[in-house]
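In what follows, a single structure is set out as structure tokens and then discussed.
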Amino acid sequence: ARPPHARVMKLAALVLAQLVAVSPGGFVGRPRLPSVSASCAAVEFMYSGESTPDTVFIFAKQPEDADFSRQWGGGVRVLDVSGEPAILKEGEIPWEEEVPDGVKAKRLRALMRNLPPGDEFQVKISDRQDVALGDGSLSDASLQVSSLEHTTCPAKPSNLEIHRTDPRLNIAKKDNSVCVDLHWSHPHMKLSSLPGDAYFKIHVGYVGEEPRLICMDQ
């Protein structure tokens, strides 16, 4: 007969395998902050699982803080940027190399706002606001970065043109989206990935009518 401890070990291995099989997704590796200004930072991270969160919560730690207990604002909207070119700083490895073999993960991005200028900080990310109570998962800590000392005043766009569209005919859809083919020039045009990096408000004014807002960033 098989000794009792062997049966216990086999049962433990079976339970562990089942837990792994049904384990929910979570953060993979440490988050990165590829772009930081005096007031905002792009936070990118890898997340595994069948589904990804629509909202994440950012917890910050400055040098004088003991831990990451400071939640930075409310929930932040998440964008899937897996198909966009990654911004790698010197010494950073490609994102894919941080993902273990056999794990499927997506690269996501969130925007951290209202940073104090000229401050050093690190972040952790959670997929649940009440992570301190043991719910949800928490990422590893990012490397320490610094916000810029001074803000950059954006220049006004020029040569603004609308092509092949009439906002009066393009009624806002159920998701509040509006289709506008917009062309413009800008002296400091630098989009790290896609036009989703731009923040905007678009007003339309027809002859004899007051200008009206037709769309803006989220």
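Filter segment 188-216 for residues that are part of a loop (DSSP other than H, G, I, E, B) and modelled with pLDDT of 70 or more; which is farthest from residue 81 (Cα to Cα)? So, considering only residues that are part of a loop (DSSP other than H, G, I, E, B) and modelled with pLDDT of 70 or more, the one farthest from residue 81 (Cα to Cα) is 208. Considering only segment 56-78, I want to know if a residue exists there that is among the aliphatic types (A, V, I, L, M) and either open to solvent by 90 Å² or more (accessible area, probe 1.4 Å) or more than 21 Å from the chain's Cα centre (by Cα) (or both). Yes, segment 56-78 has at least one match. The set of residues in segment 91-118 being open to solvent by less than 90 Å² (accessible area, probe 1.4 Å), charged (D, E, K, R) and over 21 Å from residue 54 (Cβ atoms) consists of 92, 98. Residues in segment 109-120 that are closer than 21 Å to residue 75 by Cβ and in contact with a Ser or Thr (Cβ under 6 Å, 6 or more places away or on another chain): 115 only. Taken over segment 35-55, the residue count meeting the criterion of being surrounded by fewer than 18 Cβ atoms within 10 Å (Cβ to Cβ), of a type in the set (A, V, I, L, M) and closer than 18 Å to residue 108 by Cα is 1. Looking only at residues in segment 119-171 that are of a type in the set (A, V, I, L, M), open to solvent by 60 Å² or more (accessible area, probe 1.4 Å) and modelled with pLDDT of 90 or more, the one that is farthest from residue 37 (Cα to Cα) is 143.
The values are calculated or read from the model by the stated rules, or taken from the named source; none is laboratory data. Every value quoted in this text rests on a predicted model; they were computed, and no experiment measured them. Cβ: placed from backbone, ideal geometry, glycine included. Neighbour counts: every protein chain shown. Heads up: the accessible areas ignore ligands, DNA and RNA and are worked out on the full protein's heavy atoms, side chains in. Shrake-Rupley method; radii C 1.70, N 1.55, O 1.52, S 1.80 Å.
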